[in-house]
1. Under 7 Å between Cβ atoms, at least 6 apart or on separate chains: pull out the pairs that start in region 184-208 with a residue that is within 20 Å of residue 218 (Cβ to Cβ) and end on any residue that is among the acidic types (Asp, Glu).
2. Could you tell me which numbered condition residue 56 fails, if it satisfies all but one of (1) free of Cβ contacts under 8 Å to residues at least 24 places away in the same chain; (2) out of contact with any strand residue (DSSP E or B) (no Cβ under 6 Å at 6 or more places or on another chain)?
3. Would you confirm whether any residue within region 325-346 is part of a loop (DSSP other than H, G, I, E, B), in the same structural domain as residue 232 (by the TED database) and more than 30 Å from residue 171 (Cβ to Cβ)?
4. Residues in region 276-294: is at least one at pLDDT 80 or above and within 25 Å of residue 326 (Cβ to Cβ)?
5. I need the helices (runs of 4 or more DSSP H) fully contained in region 238-322, keeping only those with at least 1 residues that are open to solvent by 40 Å² or more (accessible area, probe 1.4 Å) and in contact with a Phe, Trp or Tyr (Cβ under 7 Å, 6 or more places away or on another chain).
6. Under 6 Å by Cβ, and 6 or more places apart or on different chains, what pairs join a residue from region 149-163 that is within 22 Å of residue 106 (Cβ to Cβ) with one that is among the small types (Gly, Ala, Ser)?
7. For region 50-66, indicate whether the set of residues that are farther than 30 Å from residue 25 by Cβ and either modelled with pLDDT of 85 or more or open to solvent by 100 Å² or more (accessible area, probe 1.4 Å) (or both) is non-empty.
8. Select, from 69, 83, the only residue that is surrounded by 11 or more Cβ atoms within 10 Å (Cβ to Cβ), out of contact with any Phe, Trp or Tyr (no Cβ under 6 Å at 6 or more places or on another chain), assigned to a helix (DSSP H, G or I) and not polar (S, T, N, Q).
Amino acid sequence: DLLPLFKAEAPSIEEASPLNVRCRYYFTVLFGHEGQKPLELRCEEEQDGKEWMEAIHQASYADILIEREVLMQKYIHLVQIVETEKIAANQLRHQLEDQDTEIERLKSEIVALNKTKERMRPYQSNQEDEDPDIKKIKKVQSFMRGWLCRRKWKTIVQDYICSPHAESMRKRNQIVFTMVEAESEYVHQLYILVNGFLRPLRMAASSKKPPISHDDVSSIFLNSETIMFLHEIFHQGLKARIANWPTLILADLFDILLPMLNIYQEFVRNHQYSLQVLANCKQNRDFDKLLKQYEANPACEGRMLETFLTYPMFQIPRYIITLHELLAHTPHEHVERKSLEFAKSKLEELSRIMHDEVSDTENIRKNLAIERMIVEGCDILLDTSQTFIRQ
C-alpha cells in the first residue's frame with residue numbers, strides 16, 4: 001500500500017540539513033506482512049515522487065518471474081544452437097581438411113601427367129586432336145587408380161576394425177552404455193523410495209492420528225531425498241555425454257560428483273539403525289497396515305521398503321567396479337586416464353572410510369544395547385575403545 005504524496009514541513013534550524021532541504025516531498029510504502037517496517041521515500045520534486053509511485057504500482061514480481069523464464073528458455077535454445085553450430089563447424093573443418101588433401105593429391109597427379117606429356121610430346125604427331133586410343137588408356141588408368149585407392153582405404157579401415165585398439169574402444173563404449181542404464185535404474189529406485197514411501201509417510205506423520213512420528217521418519221530415511229536429487233543431476237549429465245557419442249568424456253562428471261558423495265557416509269552410518277527403527281515401527285498395527293499398502297504399489301514390483309533402503313549401500317562399490325573396468329579398456333595415453341584413476345582412488349578411499357565408520361558405529365550400538373540390559377548400567381561399556389566380540 002502507498003500513502004499519498006505530500007509536502008513535508010520545513011525542518012527547524014537545529015534539524016535542518018542538506019538532505020532535508022533538498023528532499024521535501026515524500027511518501028510511505030506499507031507492506032502487508034506483519035512485523036515489516038514501512039519504507040519512507042523522499043524526493044526533490046513532486047513530479048519525481050509521482051513517477052516513483054506509478055512505477056511501484058506497476059511493478060509485479062510474477063511478471064518478472066515469467067519474463068525470467070522466457071529469457072531462460074531463449075538462453076537454452078541459443079546454447080543448443082551454438083552447440084549445433086560448433087558440431088557443424090567441426091564437421092566442415094574436417095571436410096575442408098580432406099578436400100585440401102585431395103587437392104594436393106590431384107595437383108601432384110597433374111604435375112606427373114604434365115611431365116609425362118612433356119616426355120611424350122616429341123613422339124606425338126602434329127594432329128590437333130589426341131589419339132582416341134590414348135584417351136582410352138588414360139581413362140582405364142584413371143579408373144584403376146581410383147579402384148586401387150578405394151581398395152587401400154577399405155583395407156586400412158578393416159585392419160583398424162579388427163585391431164586391439166578398436167576392440168578396446170568398443171568394450172569401453174559398452175561399459176559406458178551399461179553404466180547409463182544402471183544409473184537410470186538406480187534413479188528410478190530412489191524415486192520410488194522417496195515418492196512411494198518417504199513423502200507419504202511424512203504426510204501420515206502430520207495427520208490427526210499419526211501412525212509414525214516425524215523423528216522416526218527422519219531416522220528411517222535420513223537424507224535419501226538429497227541422494228535422489230544428486231543422482232538425478234548426475235544421470236542428466238551422463239545422458240548429455242551419450243548425446244555427443246562417439247566422443248565420450250566422463251571425468252569431469254566424476255569431478256562434480258565426488259565432493260558431494262560425503263552424504264553417503266551419513267546414510268551408510270545410519271543404515272542399521274534405520275532398519276531397527278523400521279522394525280520397531282512395524283509393531284504398530286496401523287503403521288504396518290499402511291506400509292503394506294505402499295508396498296502393494298505395482299511400481300514396487302513386490303519389493304519391501306527394506307530392499308529400497310539397501311540400494312544406496314551398494315552404489316559406491318558399483319562405481320568403483322565400473323571405473324576399474326573403464327580403466328582396463330582406456331589406453332595409458334588417453335586424455336581421461338589420470339582423471340579416471342583419481343576418481344577411482346577417491347571412491348576407494350571413501351568406501352574404506354564408510355566401512356570403518358559403519359563398523360565403529362555398529363560396535364557402539366551393540367555395546368549400548370548390552371549396557372541397557374544391565375540393571376544398574378556398566379560404565380566400562382561406555383568407553384568407545386571397547387570392541388564388541390561376542391555376547
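1. 194/225; 198/225
2. (1)
3. Narrowing region 325-346 to residues part of a loop (DSSP other than H, G, I, E, B): 329-336.
The next check asks that each one be in the same structural domain as residue 232 (by the TED database); those that pass are 329-336.
Right, trim to more than 30 Å from residue 171 (Cβ to Cβ) and you get none.
No, region 325-346 contains no residue that is part of a loop (DSSP other than H, G, I, E, B), in the same structural domain as residue 232 (by the TED database) and more than 30 Å from residue 171 (Cβ to Cβ).
4. Here is the first cut: in region 276-294, the ones at pLDDT 80 or above are 276-294.
Add one more test, that the residue is within 25 Å of residue 326 (Cβ to Cβ), and what stays is none.
No, there is no match, as no residue in region 276-294 is at pLDDT 80 or above and within 25 Å of residue 326 (Cβ to Cβ).
5. Working: elements: 251-257, 263-281, 285-295, 305-310.
Result: 285-295.
6. Short answer, once both residue conditions are applied: none.
7. So far as region 50-66 goes, yes, one or more of its residues are farther than 30 Å from residue 25 by Cβ and either modelled with pLDDT of 85 or more or open to solvent by 100 Å² or more (accessible area, probe 1.4 Å) (or both).
8. Working: 69 fails: surrounded by 11 or more Cβ atoms within 10 Å (Cβ to Cβ).
Selected residue: 83, the only one of 69, 83 that is surrounded by 11 or more Cβ atoms within 10 Å (Cβ to Cβ), out of contact with any Phe, Trp or Tyr (no Cβ under 6 Å at 6 or more places or on another chain), assigned to a helix (DSSP H, G or I) and not polar (S, T, N, Q).
The values are calculated or read from the model by the stated rules, or taken from the named source; none is laboratory data. Everything numeric in this text was worked out from a predicted model, so none of it was measured. A quick note on method: Cβ atoms are made from the backbone with ideal geometry, for glycine too, and the neighbour counts reach across all protein chains shown. Ligands, DNA and RNA are stripped out before the accessible areas are found, and what is left, the full protein with its side chains, is counted by its heavy atoms. Shrake-Rupley method; radii C 1.70, N 1.55, O 1.52, S 1.80 Å.
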